[in-house]
Amino acid sequence: MNKRSTLKLMSALALSVGLAMPVLAADTPATLKGTTLVSAAEVKTLLGKGVPVIDTRVAAEFAEKTILGAKNVPYKEKSAKDVNFDPAQDSFDLTKLPTDKAAPVVFFCNSGSCWKSYKASVAAIKAGYSKVQWFRGGMPEWVAAGLPTQ
């Protein structure tokens, strides 16, 4: 039995005897319509071409370690970690993104289990950005590839 199945079984058992168990959020989808999914190597190339790379994590995570050259524009989420999230519950400062909505921009956070870059990508698309690049692998993929951090 895998870890997820074990946790589901434990949650079901706990509920049946009246105990509370934490709910695990699902990973982000593998794709997001309107974006181009990019790898660490592609992000490095885009950075080299001057494409803005946006770290959507909280300021403390950004200060601890981020992609060399990334800019921090935190996505403050209160909405569900779900494709049908309510962006009205969240906060994301679109004015800190490039003014040219036809220019490429990359969003990342802490991999597929982190929804901030997914939600920021959705917000950018809804705001009219047409070349949204989503680095779903985020910091874990970047660090695993041995790429530069600050």
Does the range 44-59 contain any residue that is in contact with an Asp or Glu (Cβ under 9 Å, 6 or more places away or on another chain), at pLDDT 95 or above, among the aliphatic types (A, V, I, L, M) and farther than 23 Å from residue 126 by Cα?
-> no
Of these, 101, 76, 126, 96, which one is under 15 Å from the mean Cα position of the chain (by Cα), at pLDDT 95 or above and of a type in the set (Lys, Arg)?
-> 76
Residue 81: in a loop (DSSP other than H, G, I, E, B) and surrounded by 15 or more Cβ atoms within 10 Å (Cβ to Cβ), yes or no?
-> yes
Residues within the range 34-50 that are part of a helix (DSSP H, G or I) and within 18 Å of the chain's Cα centre (by Cα), tallied = 7
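The values are calculated or read from the model by the stated rules, or taken from the named source; none is laboratory data. This structure is a prediction, so every number in the text was calculated from the model and none was measured. Neighbour counts are summed over all protein chains in view; Cβ atoms, including those assigned to glycine, are modelled from backbone coordinates with ideal geometry.
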